[in-house]
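Throughout, read-outs are computed from the coordinates displayed, never taken from laboratory work. Computed from a predicted structure; not experimentally measured. Cβ placement follows ideal geometry from the backbone for every residue including glycine, while neighbour counts extend to all protein chains displayed.
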Amino acid sequence: MNAKNLIKLGKLGKLGTLGKLGVLGLYGMATLAMTLGLDITPAAAHGERSQEPFLRMRTIQWYDMKWGPETTKVNDLASMSGKFHLAEDWPRAVGKPGRAFFNVGSPSPVFVRLSTKLNGEPTMISGPLEIGRDYAFEVKLKARIPGRHHMHAMVNIKDAGPIAGPAAWMNITGSWDDFTNPVKLLTGETIDTETFNFSNGIFWHALWMGLGIFWIGYYVARPMFLPRSRVLLAYGDDLLLDPMDKKVAWVVLILTFGLVWGGYRYTETKHPYTVPIQAGESKVQPLPVKPNPIAIKVTHANYDVPGRALRVTMMITNSGDSAYRIGEFTTAGVRFINKVGLKHMDRGYPKELVATGLSFDNDTPIQPGETREVKMEAKDALWEVQRLMALLGDPESRFGGLLMTWNDAGDRNINSIAGAVIPVFTKL
């Protein structure tokens, strides 16, 4: 059997293969058509629960979070604000925040982010954050897509990925068709970024897809791998070198460079004033360190598996001039509070992230100059609902969070605490 016969057989085999692929394609189209007639219900999920507990408890610790308003019309403004502390007990397995970007986590761009500020400074690019320090943020949003959306604050860290904070449900009413996002250009022209150059984008997508399909289809129409391999092994590659292939390749190459150059020149002419994508880094200083008279050292911690309770033993020293009471322990966005914490709590915080199961062996105020051993219990089913009990399976079985104390004047101190935790199946 000579090379020409091999290629002919390859062509016949190719026709059979194309026929099979055509039948499979028809089956696929029929299946797709059937799915369009099904009743598909949107899924509502909490993706932050899939993150490992050590990421949520011992990296970025969020507090004073606020979302508002709860219901917004399309094109109206909303905001998200709060503070976060970068834990001193940063996990060894997580990349340090030498390059971090403050972000918003949402189910697609349901809001448009108009501005982001860290400690009052506009922040549009990534930059370093300092472990052990605090930052305040404020994000201005514009409602875009109607629905009920779970909105997170989030920090993306190089080598660590996104770290999501607590979230609240925010509702958007109205019609998506009414949304506009006008922006004034350097030329004085005002455009709507929601629809600006939409047809131009479709044109370039279609052009490049068409060129790519032609390039692949030109060679797919030829005998494929097995026939060409047999010819190559039997007769070498001389029979496979078609002069037309070289001509087509040169035409596509020249056309590609021409489109790139022509598109660039067209854009430069039509839009002479442009702002390039920023590649620098932000230089945001952390919040000033507030004098804190409360010092805490964790001496022992365990997690009661059947009781769904974290129990921590710690030594607390009050070196201030007034007595302080412990009112809140917050970790991974979940706030464990007692009567003291309830008094100072923001009522707008998501109720599904609040637990009243915080208790102590001694509820009396810690007096000035006093050092006391305190046994804390944070007990609630939220440990399991939020999948935080999975910390027992982490490579570092340690907990972390913020402990908050208040005096009678309402002055608050915040201490970041952490320690190794041991699983137990009975109260010790």
Segment 94-173 to segment 308-364: how many Å between their Cα centroids?
-> 26 Å
Separation in nanometres of the label points that stand 7 Å from Cα toward Cβ, at R49 and D245 = 5.6 nm
Cβ-based charge dipole, the chain, positive-most Cα from A100, Y303, F196 = F196
Could you give the angle, 0 to 90 degrees to the nearest 10, between helix 243-270's Cα long axis and the longest principal axis of the Cα atoms of the chain?
-> 50 degrees
Describe numerically, in nm with one decimal, the distance between label points set 7 Å from Cα along Cα→Cβ at R113 and at I277.
-> 1.5 nm
Going 7 Å from the Cα of W215 toward and past its Cβ, which residues in segment 230-252 have a backbone nitrogen under 12 Å from where you end up?
-> 249-252
For helix 3-36, what angle does its Cα long axis make with the longest principal axis of the chain, in degrees from 0 to 90 and rounded to 10?
-> 40 degrees
Take the Cβ-Cβ distance between Q285 and I254 as r, set R0 to 60 Å, and report the resulting FRET efficiency rounded to the nearest 0.05.
-> 0.65
Please provide three numbers in whole Å: the alpha-carbon extents of segment 61-126 along the principal axes, with the largest listed first.
-> 44, 26, 24
Net dipole in debye of the chain [+1 Lys, Arg Cβ; -1 Asp, Glu Cβ; about Cα centre; nearest 20] | 1320 debye
Quick calc: nm separation of the 7 Å Cα→Cβ label points for A409 and K375 -> 3.4 nm
Go ahead and estimate [θ] at 222 nm for the chain from helices alone: -39,500 (n - 2.57) per DSSP H run with n ≥ 4, summed, over the residue count, rounded to 500.
-> -8500 deg cm²/dmol
The percentage of Cα-Cα pairs in segment 173-264 separated by more than 22 Å is 58 percent
With everything on Cα atoms, drop me the angle between helix 225-235 and the longest principal axis of the chain, reported from 0 to 90° to the nearest 10.
-> 50 degrees
Calculate how large, on average over all directions, the projected area of the Cα convex hull of segment 51-186 is; give the answer in nm² to one decimal.
-> 8.9 nm²
What is the fewest-to-most order of D178, D304 by other Cβ atoms lying within 10 Å of their Cβ?
-> D178, D304
Can you work out D for segment 294-423 in µm² s⁻¹ from Stokes-Einstein, where Rh is the Kirkwood radius over C-alpha pairs, the temperature is 4 °C and the viscosity is 1.567 mPa s?
-> 87 µm²/s
Low-density loop positions, trypsin sites (Lys or Arg not before Pro), segment 326-428 - DSSP coil, at most 12 other Cβ in 10 Å = R347, K427
A206 to E70: extension gain in nm, 0.36 nm per residue of separation minus the Cα-Cα distance?
-> 44.9 nm
